[in-house]
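Take a look at the structure set out below.
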Amino acid sequence: MDQKWISVFFLLSAIYGLSAYVPHRYHFVNENKTWIEAQSYCRQTYTDLATINNMDKMKKVTEIVKDKSAKVWIGLEKVTWQWSLQDGTVYREGQSYSNWNTGEPNSNAGEEMCVHIYGVGSWNDEYCSCLLPFVCFEGEKSRYMFINHLKSWSDAQSYCREHYTDLASVTNLAENDEIKKAANGKVVWIGLFRVYWKWSDQSYSSFRYWKQNQPDIYSGKENCAHIVMTGGGYWNYANCETKFPFICSEKKGSAYILIKEAKSWHEARNYCRERYTDLVIVRNQTENQQIFDSAKNSVNNSVWIGLFNNFWRWADQSNSSFRYWASTQPDNNGGNQNCTAVLTAEQGRWHDVNGNSQLPFICHENQLILIKQNLTWREALRYCRDHHVDLVSVHSEEIQLWVKEVAQKASTEHVWLGLRHTCTQGFWYWVSGFSICYENWAPGNGTGGDDCSSVERTGAVQSRGGQQWVSLPEDQKLNFICTTYED
């Protein structure tokens, strides 16, 4: 990879994050399963149900399905509720524990976005701006803390995250009973909330200022929000491809910049991120008025803001915005089409489908996998070769970027690589056979003056900080990274 493309790669990584660049391949499983069964199979056998980030990957998916009339599951699902505590647990209707009161959730005009728990232990959806006490969860001590301060849901969430771990989540009856006991008969916020709409920076401010009767019936196409300038600053939504002027924010929203050039919502977001901070985020009525005032010189009646509909997301929790719906989809025919299938007969276009349908499916497998077991270097090498392919060889800057993302999740300070030193020859080499052309040593490491004592020196990458390579004795016990397939 020449220097020009490395620079481009770093720039894109800074803007979009690295996850889209971690390589993976797809596996077609020609067995009929429900969406949940397919997801479980993929997670046990590979990595997850397929995530599709761009058109090139879409083509790869359709190429591996030989039956050109098939309908196959991919990993996109509709999730309307999730827990504030982000431990990978997502509430799904009919699949997770719930204790809704009779007739709940009733989602009054789609605005009851947050959940409280009654003294009897039943749940109800409520306006997030309501002021209630709340229950925090303290993860280190596995206990629930009743906080007798009246706060909105988002303020309660911020308080819990600052002083404890997060707002309380509920995954079973025992936890529900513990929270009920901690609340001592009070109506309290818990950490369940709707995720229809979120901001460009992935935050979930609960403030909304919709025009009357908006948003109305969700069509699947009108997913981006704008301020209506002739309507006193109220919001409406439109097809994201519509061309509007827009407002950027700078320095965490302390300044608002009106851009009079009309762009689509995604073009506007990219423009703001390149030149300022992001499309503007509106957290309260005061900010909304300030933003409205800053846009009064707009050449158009509408200006984009940073709110967009996140009605669908990938099973692995990634943030890819790529969609490939058929022209009439998603239509939620029957009211319970919460999962996504590729129809090869329609050039791979996507349809929303009832998740209980029995279909074949596509799994994806990441090329790099972090093993959170603490093993010596030789034990790690044996494990990778027995269970996968090999310890990872980092022979290019591109692979180093992949390693950096995976290593960040390690539980040890360093993570083993497939890098080894030979004292008899006095050089370092990759066990996979690659020569050492690309190097990323931390200062004082890999210089050739390694200690040739009775314990051989081997290579690891720092899991934090600069994530450079270090020389360590092979008998240390660390996490390690395996490659799961060969290109």
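Looking at (1) modelled with pLDDT of 80 or more; (2) in contact with a helix residue (DSSP H, G or I) (Cβ under 9 Å, 6 or more places away or on another chain); (3) within 14 Å of V228 (Cα to Cα), which is the one condition that is false for N288?
With respect to (1) modelled with pLDDT of 80 or more; (2) in contact with a helix residue (DSSP H, G or I) (Cβ under 9 Å, 6 or more places away or on another chain); (3) within 14 Å of V228 (Cα to Cα), N288 is out only on (2).
Scan the range 138-150 residue by residue and report those that are at pLDDT 90 or above and either open to solvent by less than 60 Å² (accessible area, probe 1.4 Å) or assigned to a helix (DSSP H, G or I) (or both). Write out each step before concluding.
Step one: list which residues in the range 138-150 are at pLDDT 90 or above, which gives 144-150.
Result: Y144, M145, I147.
For N106, are the conditions met, namely being in contact (Cβ under 8 Å) with a residue 12 or more places away in the chain, surrounded by fewer than 17 Cβ atoms within 10 Å (Cβ to Cβ) and not in a strand (DSSP E or B)?
Yes.
Of the conditions (1) open to solvent by 20 Å² or more (accessible area, probe 1.4 Å); (2) modelled with pLDDT under 85; (3) of a type in the set (G, A, S), A70 clears all except one; give me its number.
Just one mismatch for A70, condition (1).
Among the residues of the range 177-209 satisfying the criterion of being among the acidic types (D, E) and at pLDDT 75 or above, which is surrounded by the most Cβ atoms within 10 Å (Cβ to Cβ)?
Out of the qualifying residues, it is E178.
Out of curiosity, is I369 in contact (Cβ under 8 Å) with a residue 12 or more places away in the chain, surrounded by 14 or more Cβ atoms within 10 Å (Cβ to Cβ) and under 16 Å from L478 (Cα atoms)?
Judged against the criteria, I369 is a match.
Could you say which residue among Q367, Q358, Q373 is modelled with pLDDT under 80 and either out of contact with any Asp or Glu (no Cβ under 6 Å at 6 or more places or on another chain) or acidic (D, E) (or both)?
Selected residue: Q367, the only one of Q367, Q358, Q373 that is modelled with pLDDT under 80 and either out of contact with any Asp or Glu (no Cβ under 6 Å at 6 or more places or on another chain) or acidic (D, E) (or both).
Look at C363 and say whether it is over 30 Å from K66 (Cβ atoms), touching a strand residue (DSSP E or B) at 6+ places or on another chain (Cβ under 7 Å) and buried (at least 22 other Cβ atoms within 10 Å of the Cβ).
Judged against the criteria, C363 is not a match.
Given the conditions (1) over 27 Å from the mean Cα position of the chain (by Cα); (2) modelled with pLDDT of 85 or more, report the number of the one that R269 does not fulfil.
Condition not satisfied by R269: (1).
Being touching a Lys or Arg at 6+ places or on another chain (Cβ under 9 Å) and among the small types (G, A, S) is the filter; apply it to the range 396-417 and report the residue that is surrounded by the fewest Cβ atoms within 10 Å (Cβ to Cβ).
The qualifying residue surrounded by the fewest Cβ atoms within 10 Å (Cβ to Cβ) is S411.
Quick one: R385 ticks every box in (1) open to solvent by less than 40 Å² (accessible area, probe 1.4 Å); (2) over 30 Å from I36 (Cβ atoms) bar one, so which box is it?
(1)
Output the residues belonging to the range 151-171 that are open to solvent by less than 60 Å² (accessible area, probe 1.4 Å) and not small (G, A, S).
The answer is K151, W153, Q157, Y159, C160, T165, D166, L167, V170.
Can S393 be described as among the polar types (S, T, N, Q), out of contact with any helix residue (DSSP H, G or I) (no Cβ under 7 Å at 6 or more places or on another chain) and exposed (fewer than 15 other Cβ atoms within 10 Å of the Cβ)?
Answer is no for this residue.
Within the range 229-274, restricting attention to residues that are open to solvent by less than 30 Å² (accessible area, probe 1.4 Å) and of a type in the set (F, W, Y), which residue is nearest to N297 (Cα to Cα)?
Filtering the range 229-274 for residues that are open to solvent by less than 30 Å² (accessible area, probe 1.4 Å) and of a type in the set (F, W, Y), the one nearest to N297 (Cα to Cα) comes out as F246.
For the range 114-131, enumerate the residues that are surrounded by fewer than 19 Cβ atoms within 10 Å (Cβ to Cβ) and part of a strand (DSSP E or B).
Scanning the range 114-131 gives a single hit, N124.
Looking only at the range 332-347, which residues are buried (at least 21 other Cβ atoms within 10 Å of the Cβ) and either not in a strand (DSSP E or B) or not hydroxyl-bearing (S, T, Y) (or both)? Give the steps one after another, and end with the answer.
First, the residues of the range 332-347 that are buried (at least 21 other Cβ atoms within 10 Å of the Cβ): 338-342.
Selection gives N338, C339, A341, V342.
The values are calculated or read from the model by the stated rules, or taken from the named source; none is laboratory data. Note that the structure is predicted; figures quoted are calculated from it, not measured. Because the Cβ atoms are built from the backbone with ideal geometry, glycine has one as well, and the counts that use them run over all protein chains shown. Heads up: the accessible areas ignore ligands, DNA and RNA and are worked out on the full protein's heavy atoms, side chains in. Shrake-Rupley method; radii C 1.70, N 1.55, O 1.52, S 1.80 Å.
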